[in-house]
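Asks: Just dropping this structure here.
Where a number appears in this text, it was derived from the coordinates with a stated rule and is not lab data. Just so you know, these numbers come straight off a predicted model, no measurement behind them.
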Amino acid sequence: MRNLLTLGDLVYVSYPLVPLRWLCAIARLQGTIRHLTRRRQAAGVRDNLAEANGQLREPELRAMTRRFFQYASLRSLLFILGPKLTDQAMARLFTVEGLERLDHARHTGRGVILLASHLNSLSVFLLVIRLRRRRYDIRTAVTEDRDNWSGSWFRSLFNRITHGRTYPEHIGAFQCRFNIRPMIQALAQGAIVLQTEGSRETGSQRWAAARRRGADRGFERAGAEQPGHR
């Protein structure tokens, strides 16, 4: 069920009137509050950190757990603002290296497959937006034809009024689950096809189980609760 209005909508329309550094400070504060109030989840993150590195002391575990929640809030903020961030703002957030290799591959006149971790990786998401702004014909293979980033009713109305694009449009998404023909066609047209962990799946992503927080969980879901998971 779609929400009428979300806090993310207010953030979206407030930028750039409200500076990015202010929004980042608010996001870090939100992460700190979630660390204090979501005790069960925080305990799970802390236990995972302790299991990954048994030499960490308790003050270090608390600090790293708090930073995990702060990063999660910052990540959500930048996902919301991604389409509105200027190239200068993105350049301050991350650098793009090795672009000459991509250009060299494109000059062969054939399509290029760009492999990345997964689309929920913030750097990958922002990179696609940044490259498409530079007129790179980059298209993102996804496994579902529905909009996984569908916003609220307010966001839909706002985009309609301002002629804004949806997130799939921003990243040039196309559906390819159980059907590689769209990918072959894009490569034949000389496009850059972004393949991620999610777009390489064949529908059996729960092929392995892991023990996390006292329960057997599917491999991807277990990893999602690991601090530092990208």
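Asks: If the chain between ALA105 and TRP22 were fully stretched, how many nm would it gain, using 0.36 nm times the residue separation less the Cα-Cα distance?
Replies: 25.9 nm
Asks: Is the shape of the stretch 7-84 best called rounded, prolate or oblate, per the rule: a/c under 1.5 gives rounded, else a/b larger than b/c gives prolate, else oblate, with a ≥ b ≥ c the square roots of the Cα gyration tensor eigenvalues?
Replies: prolate
Asks: Give, in nm to one decimal, the length gained when the segment between TRP153 and LYS84 is fully stretched (0.36 nm per residue of separation minus the Cα-Cα distance).
Replies: Difference between extended and current length: 22.9 nm.
Asks: Something else now. Once amide H atoms are built 1.01 Å from N in the peptide plane, which residues 5 or more positions from ASP137, or in another chain, come under 5 Å H to H?
Replies: Amide H neighbours of ASP137: ILE192.
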